[in-house]
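Scroll down for the structure; my scribbles are underneath it.
Values in this text are rule-based calculations from the coordinates and carry no lab data. These figures come from a predicted structure and were not determined experimentally. We place every Cβ from the backbone using ideal geometry, glycine too, and count neighbours over all the protein chains shown.
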Amino acid sequence: MKIPESDFQMCNNQTIISEFTEEKLMKNFKTILIAYSLLIFTLLFLLTACGGDSADSNKSDQVLKTNTSGIPEWELENGFGPVKKKLNLGPIDKTMATEGEKIFESKCASCHKLDERYTGPAQRDVLRRITPEFFMNMVINPEENVEKHPHTKEMLGQYMQKMTNQNINLKDARTLLEYFRVLDEELVNQNKSN
Amino acid sequence: MNRRYFKAVLVAAAVVAAFVILHYGCQESKDLASGDVASRVYVAPGTYDEFYLFTSGGFSGQIGVYGLPSGRLFRVIPVFSQDPEKAWGYSEESKPMFMTSYGFVPWDDAHHPKLSQTEGIADGRWIFINGNNTPRIARVDLSTFTTAEIIEIPNSGGNHGSPFLTENTEYVVASTRFSVPVPNRDVPIDSYKENFQGTISFISVDKEGAMDVAFQIVAPGFHYDLAHGGKGPSHGWAFFTSYNTEQAHTLLEVNASQSDKDFIAAVNWKKAEEYVKQGKAKTWSTSYYRNYFDKKKHMAFSEQKTSVKVLMPEDCPGVIYFLPTPKSPHGVDVDPSGEYIAAGGKLASVIPVHSFSKMIKAIENEEFETTIDGIPVLKYESTIAGEVTNPGLGPLHTEFDGNGYGYTSSFISSEIVKWKIGTWEVVDRIPAYYSIGHLCIPGGDTRKPWGKYVIALNKITKDRYLPTGPELTQSAQLIDISGDKMKLLLDFPTIGEPHYAQAIPADIIMKNSKKIYPIEENQHPHGIKAEKDARVVREGNVVRVYMSTIRTHFAPDNIEGIRVGDIVYFHVTNLEQDWDIPHGFAVKGANNSELLIMPGATETLMWQPTREGIYPFYCTDFCSALHQEMQGYIRVSPKGSNVAITYGTGK
């Protein structure tokens, strides 16, 4: 938005040098040569000084744990997003799960059914496929995960549709998780009775 | 040839060559030094402009939104004209915004955008704009860049002198350009002098922005042209120019240019408020509309008003004074200190600048020349602070840079003239290409101008751009005012005629800009909150389709059971909650427009199928890789058919 101040500084320096050279010109050629060298030197200096982007390169200084995907271990297992450590889940909270079901109906069900492929994959068994932390990070922060995470990239290849940001906050994501924990528990019980 | 002589010539030639090269090199770096014009307006890809510029769309009826210094057009906000792209005036929800006492009026001539102010400084909440033809004022919400309210002005012949503001947006004003009988009635046109009058209206604005015609002052039958609110010491007053004090009703170009001086009407609105409180106002019956858009219900509502409070100057001494001002004055502009009131006397050879403090003294001392319809006319010498001489031909409007200078546009000589407040001397001038009307400095009409640029708003561009047939674009020109000399940086075309414009630092607007409408707050009576609620309901010959959109399907996308002669309402809710993901909706043969539904909003398109068959509908706004698949079919059966209503997606 702002015009970088460095641009103005560059211009002002040049003015001073130009006037200086013009004034001395008539006296002798040596001065001209010196002035030229000065001008060229200054230009070179300014050119290198205005490189600009160097500040950003510091970002890559972050220590990265190595794995084959090139992304940190935590993110590989749990996705990119605000959930940065393992959740302490405790027993299922039914009230929270009911709230989560409502949010699922309103913000997710246009694209996800529980048992059939739709715009996106069937979701009943989602917690068998990804961690609760990944689940929350994905619904809160789909763009970054679609862009960076190998699992999500693979899904994009299958469904050809980027998961949309449905403006879900941390609290809503947690209630959604509770709803899917209920579904997961039902699956477990079904398997037992079979 | 003498060898020595030859050598001397060679050396001399080398010196000359070196000088020439160096000189041109220096010349170039001097251009760089003074800001290298291209780089001053270059905003690198992916970076933001420093200012928003809002220009009136003139006879397009809309507002253009540009970035400065780049001149890039970001958006056209539909206001007074229907816009099929955004379904403005075509969707069932937006139609009420066009209601007036004359019925549905789908066009107007928009002249003066004006940013809302707090303590005399533009605050970026709203921008107001006048409709000149069928007198109206619109308020545009700058968190969504959509028109939030349009109010009709009763007892007005044409709303030109509008919508100028008081310092805290207590009021927007509206003065009538054409005097007419008030209230309007059937009289001979040549009875102008007995029957025609002007009105000056004060429209209150509450904290939420809602407008109401608080009171009108009935004034002599002159033409009231432009206005500005006082500020600082002159807060509580508003100033209106008038012309045609000759009261001509035909061939005005000659007959309204007779007098040496016309008037600025100085209105003490605080005093007028008191009179209204004391019950001095008459209540006249009339008819006008106030239309507003409910953001939660996603639809507009119209209310008809049937009376207005009116003040007659003879009942309200001290409310209005006339300041004689040469000659057919157009703009009236108050400097940042609030002390000086500059008038653009469009046929005058000087720019007269009145002093507010002198005016107050003259009123106290009753230095009156005469009285017109109970309104005291002050002596010119008693109010004038100075005259800017040699201001160019046809001075119109003045803006201020906050550093002690005024900048006046001169239409006939097509230039901007910079002059010093206090000494009234012209210090610089720059040509405009061509026929400049208004001009704009960011904050240049407020207590705190941001300065930096003046934007010339030009009527004619002959030979400046590639020709486009008989009609050519109008333009804006960006001129640097950061130094002693004004410097032209950029020309850019505008939508419609840019009468006036307002500019404001981008961060003031950006921080409030909405990204989506939260779906849980959607209270549209026909909106749905989840795809499972999508359905089709028949109510006699009315069929309501409750439809949802998300990347990349409609629900339902197959509909049967529609019959020829049905009135079908598509109530489409966009369930997306992601920024910049509207979905479009268009159905073959629709007689209105597409819909363009923002994330979390509901909009309705009415459709009356006249022929049986299969009708595709589809998303018009490219939304994702499977956008091309985002479509559906409607089966239309003959009148009286017994095909049942069925619908679904993926079945």
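Within straight-line reach of residue A:113, meaning a Cα separation under 13 Å, sit the following aspartates and glutamates at least 8 residues removed in sequence or on another chain: A:101, A:105, A:125, B:531. Dividing the Cα radius of gyration of the protein assembly as shown by 2.2 N^0.38 Å, with N the residue count, gives 1.18. The calculated FRET efficiency for residue B:580 paired with residue B:485, based on their beta-carbon distance and R0 = 51 Å, is about 0.75. Projecting the alpha carbon convex hull of region A:73-187 along each direction and taking the average yields 6.6 nm². Put simply, the convex hull of the Cα atoms in region B:150-261 casts, on average, a shadow of 7.8 nm².
Among complete DSSP H helices in chain B, those whose alpha-carbon atoms stretch at least 20 Å along the helix's long axis and whose mean Kyte-Doolittle hydropathy reaches -1.0 are B:3-33.
Sorted from longest to shortest, the spans of the Cα atoms of chain B along the three principal axes equal 98, 95, 42 Å. Projected onto their three principal axes, the Cα atoms of region A:112-180 cover extents of 29, 26, 20 Å, largest first.
For the pair residue A:77 and residue A:190, what calculated FRET efficiency results from E = 1/(1 + (r/R0)^6), where r is the Cβ-Cβ distance and R0 = 25 Å, to the nearest 0.05? Step by step, r from the Cβ atoms, then E = 0.40.
Using the beta-carbon distance between residue B:305 and residue B:520 and R0 = 45 Å, what value does 1/(1 + (r/R0)^6) give for FRET efficiency, to the nearest 0.05?
Plugging the Cβ-Cβ distance into 1/(1 + (r/R0)^6) gives 0.85.
Dimensions of region B:389-525 based on its C-alpha atoms, expressed as ranges along the principal axes with the largest first, amount to 62, 44, 25 Å.
Summary of the geometry: region A:119-194 and region B:516-575, compared by the centres of their Cα atoms, lie 28 Å apart.
Relative to its Kirkwood radius, the Cα radius of gyration of region B:520-648 gives an Rg/Rh of 0.95. Among the listed pairs B:114/B:462; A:86/A:153; B:280/B:346; B:277/B:420; A:102/B:515, those with a Cα-Cα distance over 31 Å are B:280/B:346; B:277/B:420.
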